[in-house]
Amino acid sequence: ENETVGLLVMAYGTPYQKEDIVPYYTAIRHGRRPSDEQIADLTRRYERIGGSSPLAELTRQQALALESRLNVRRKGLTFKTYLGLKYIHPFIEDTVKRIHNDGIDRAVALVLAPHYSRFSVQSYADRARAAAEKSGGPKILPIESWYREADFIRFWTKQIQQTLALIPKPEQDQSIVIFSAHSLPEKILKNGDPYPDQVAETAESVAKEAGIIHYVRAWQSAGKTRDPWLGPDVLNVVRKLGETQVYKHFIFCPIGFVSEHLEVLYDNDQECRQLVESFGGTYHRPQMPDTDPLFIDALASAVLKALD
Ligand code: FEC
């Protein structure tokens, strides 16, 4: 009989409805309730992207697409997907218990973020492992990072090439690609966190494969805390590029994220767009990975490697 392997797909999570915003934001702040002003600001940003984020639905679709793809690519095993979220139900802990109760002995743990950081991927993995220890299973097979997957690099290469193809030939030289990922507190550097290097490597690989020479890297969506965060911030980088008046087309590639959600639809599509248009530039933001087959294959390859 076929073994059923658990596929613990972990992601950030998003408020499903307005009432979820306060508990969600409180969970992000490690149980400290944000100020009324901060809550109002976050509520306003969700309103600006249409009331809620598409993240919940996209995460679900990604997990299901991955399960189907794996069941085609790997005969002799049955993959069963389970969603575990960081800051809203279904929480990682409850999901791990459910996998165990379903009688599954092994689960590959995949985080829907390409680059490893102690602050991001590791905190998901720690919670999964602790929950599995508590319930006496399943055995967790963690994936540390998957940013080097060839199909992931191919995905962004294809997106850039498709975007460039929409720009009139004589203006293609006046295009610049902005690669960005979520900023993290600068204190991660003290422990030699590989996150900045992994993000840089991804940008270099995509730029090389796509054959582009004009590109920059920047951090986005930094938290509004007293801590210093990794910089330069994307808005500062773009403002300076605007002042040089060299470029006409600005192609935003948020390579640290894997789907459309608040950080992309608001921070990029509204804040960055507004800035670009304020100096007469044209804003471009290729499709995010979502359920693109190349992207799903990249994830599937990472899962299969973790099993072998
Ligand atoms: O609803 C949505 O579509 C939002 C999805 C969302 C994603 C996301 C990804 C990452 N974050 C990371 C780190 C931090 C750190 C803080 C922080 C704060 C927020 C807030 C919201 C939020 N994050 Fe997030 N993040 C998303 C949403 N994030 C909302 C709180 C309000 C705000 O600041 O905008 C700072 C915590 C603090 O205040 O002390 C740190 C990282 C990622 C990418 C990796 C991953 O997906 O896990 C890292 C999606």
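Miscellaneous remarks
- Of Ser68, Gly84, Pro114, farthest towards positive along the dipole that unit charges on Lys, Arg, Asp, Glu beta carbons give the stretch 58-126: Ser68
- Computed over protein heavy atoms with a 1.4 Å probe, the carbon and sulfur contribution to the accessible area of the chain reaches 50%.
- Across the stretch 31-49, the residues whose backbone nitrogen lies under 12 Å from the label position 7 Å along the beta-carbon direction of Lys18 are 43-44, 47.
- Whole-angstrom gap from the stretch 212-252 to the stretch 77-91, using each part's C-alpha centre: 34
- Net lengthening on full extension, Ser68/Lys97 (0.36 nm per residue, minus Cα-Cα): 8.1 nm
- Charge sum, other residues only, whose C-beta stays under 13 Å from Val206's C-beta, Lys/Arg counted +1 and Asp/Glu -1: 0
- Multiplying the residue separation of Asn191 and Arg60 by 0.36 nm and subtracting their alpha-carbon distance yields 43.8 nm.
- Counting charges near Lys139 (Lys, Arg +1; Asp, Glu -1) among other residues having Cβ under 11 Å from its Cβ returns a value of 0.
- The phi-based Karplus calculation (6.51 cos²θ - 1.76 cosθ + 1.60; θ = phi - 60°) puts the 3J(HN,Hα) values of the stretch 88-96 at 7, 5, x, 5, 3, 4, 5, 5, 4 Hz, whole numbers, x for Gly and Pro.
- Spin-label zone in the stretch 224-256 - amide nitrogen under 19 Å from a point set 7 Å from the Cα of Ser123 along the C-beta vector: 224-231, 256
- Over the stretch 12-128, accessible surface divided per residue gives 48 Å², non-protein components excluded, 1.4 Å probe.
The values are calculated or read from the model by the stated rules, or taken from the named source; none is laboratory data. Fair warning: this is a prediction, and the values are worked out from it, not measured in the lab. We place every Cβ from the backbone using ideal geometry, glycine too, and count neighbours over all the protein chains shown. These accessible areas exclude ligands, DNA and RNA; they are computed on the full protein's heavy atoms, side chains included. Shrake-Rupley method; radii C 1.70, N 1.55, O 1.52, S 1.80 Å.
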